[in-house]
Amino acid sequence: MKLELKHASFSYFHGGRSAGELLHDISLTAFSGEIVSILGANGAGKTTLLKCLMRFCRWDRGELLLDGEDAAKIPDSRFWKIAAYVPQAREEALTCTVGESVLMGRSAHLGLFGMPGERDYEIARRAMRMVGIEGLENRSISVLSGGQKQLALIARALAAEPRILFLDEPETGLDFRNQLIILNLLERLAGEEKLLILFNTHYPDHARRISDRTLLFLPGGAALSGPAGKILTEENLQRAFGVFVREARVEDGGAAFSAFIPVRISEQQGQKP
């Protein structure tokens with residue numbers, strides 16, 4: 001699977017008039033087995049970009065191609081077999097069991113009135129095994145911890161057998177252990193299952209840790225796009241977030257890790273939240 005976003009722009013409209021261009025001339029290329037992180041300040045357009053990529057919002061200009069095919073012309077019934085979406089765990093208010101929730105991921109393959117068969121149940125069980133929650137199948141979603149709920153949502157998306165996985169801040173609100181569980185899982189899904197993964201995050205450290213490519217929003221709606229190691233630098237993060245940033249590097253077991261530390265607010269950006 002090859003995803004190509006070419007010179008795409010998007011504006012919100014209010015009362016029939018443009019409220020200003022939120023995304024400006026965004027381009028991105030990514031392939032199966034890669035992880036793409038999307039970063040930027042609050043309100044920069046991260047979630048809007050995901051909505052546009054998933055066709056919930058329509059580009060003003062530009063195009064999205066999937067294996068060379070215009071994504072806007074792909075029927076919903078086929079698009080949602082190619083792609084799956086994992087929302088933020090805190091937005092889910094389901095009261096069904098984990099098994100029932102994961103089985104919902106098969107809906108794109110069943111149609112409006114289709115009933116799941118034994119193959120669908122087996123795919124759902126495999127999805128739960130893939131994320132390590134097979135023991136929670138009969139537990140209510142409503143009583144899960146934040147980390148367990150996030151894993152259940154990922155399993156539901158995997159039950160669709162997608163080639164592209166979109167995730168909206170999958171590690172936000174989780175403790176250190178659960179953050180690492182999610183990050184390690186995304187790495188495994190890209191490496192072993194060859195999924196193309198695109199995720200929003202507030203954490204440059206996480207993006208640097210697992211991303212092959214990064215799209216970093218700058219003020220004004222433009223974005224930098226390229227290999228994570230080249231995009232996620234002190235200078236670029238300062239431009240994006242309006243803070244002076246220092247990168248610290250640590251080693252553990254022969255592996256090197258980066259930690260980006262915001263040290264002070266840039267005077268040019270002011271004190272606004």
| query | Do you know which residues across the stretch 2-22 are at pLDDT 95 or above and either outside any strand (DSSP E or B) or among the aliphatic types (A, V, I, L, M) (or both)? | reply | Leu3, Leu5, Ala8
| query | Which of the residues that make up the stretch 228-249 are assigned to a strand (DSSP E or B) and of a type in the set (A, V, I, L, M)? | reply | Val243, Val245, Ala248
| query | Limited to the stretch 225-237, what total is found for residues that are of a type in the set (A, V, I, L, M, F, W, C) and surrounded by fewer than 18 Cβ atoms within 10 Å (Cβ to Cβ)? | reply | 0
| Considering only helices (runs of 4 or more DSSP H) fully contained in the stretch 72-167, which possess at least 3 residues that are surrounded by fewer than 19 Cβ atoms within 10 Å (Cβ to Cβ), among the hydroxyl-bearing types (Ser, Thr, Tyr) and free of Cβ contacts under 8 Å to residues at least 60 places away in the same chain? | none
| said: Considering only the stretch 247-262, I want to know if a residue exists there that is out of contact with any Phe, Trp or Tyr (no Cβ under 8 Å at 6 or more places or on another chain) and in contact (Cβ under 8 Å) with a residue 60 or more places away in the chain. | reply: no
| task | For the stretch 168-189, name all the residues that are part of a helix (DSSP H, G or I) and touching a residue at least 24 places away in the same chain (Cβ under 8 Å). | result | Arg177, Asn178, Gln179, Ile181, Ile182, Leu183, Leu185, Leu186, Glu187, Leu189
| query | So how many residues does the stretch 228-258 have that are over 18 Å from Ala41 (Cα atoms) and under 23 Å from the mean Cα position of the chain (by Cα)? | reply | 4
| task | State all residues of the stretch 202-227 that are of a type outside the set (S, T, N, Q), within 13 Å of Thr29 (Cα to Cα) and not in a loop (DSSP other than H, G, I, E, B); if no residue qualifies, say none. | result | Arg213, Leu215, Leu224, Gly226, Pro227
| remark: Looking across the stretch 30-62 at residues that are outside any strand (DSSP E or B) and among the basic types (Lys, Arg), the single one that is surrounded by the most Cβ atoms within 10 Å (Cβ to Cβ) is Lys46
| said: Is it the case, given these coordinates, that Asp67 is among the acidic types (Asp, Glu), in contact (Cβ under 8 Å) with a residue 60 or more places away in the chain and surrounded by fewer than 17 Cβ atoms within 10 Å (Cβ to Cβ)? | reply: yes
| request: Output the number of residues of the stretch 188-218 satisfying the condition of being surrounded by fewer than 23 Cβ atoms within 10 Å (Cβ to Cβ), among the aliphatic types (A, V, I, L, M) and under 24 Å from Glu251 (Cβ atoms). | output: 2
| query | Would you say Leu49 is modelled with pLDDT of 95 or more, among the hydrophobic types (A, V, I, L, M, F, W, C), farther than 18 Å from Arg163 by Cα and under 15 Å from the mean Cα position of the chain (by Cα)? | reply | yes
| request: Determine if the stretch 238-249 includes at least one residue that is under 30 Å from Leu66 (Cβ atoms) and either surrounded by 16 or more Cβ atoms within 10 Å (Cβ to Cβ) or not aliphatic (A, V, I, L, M) (or both). | output: yes
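The values are calculated or read from the model by the stated rules, or taken from the named source; none is laboratory data. Source: prediction; values computed, not measured. When we count neighbours, we look across all protein chains shown, and the Cβ atoms used for this are built from the backbone with ideal geometry, even at glycine.
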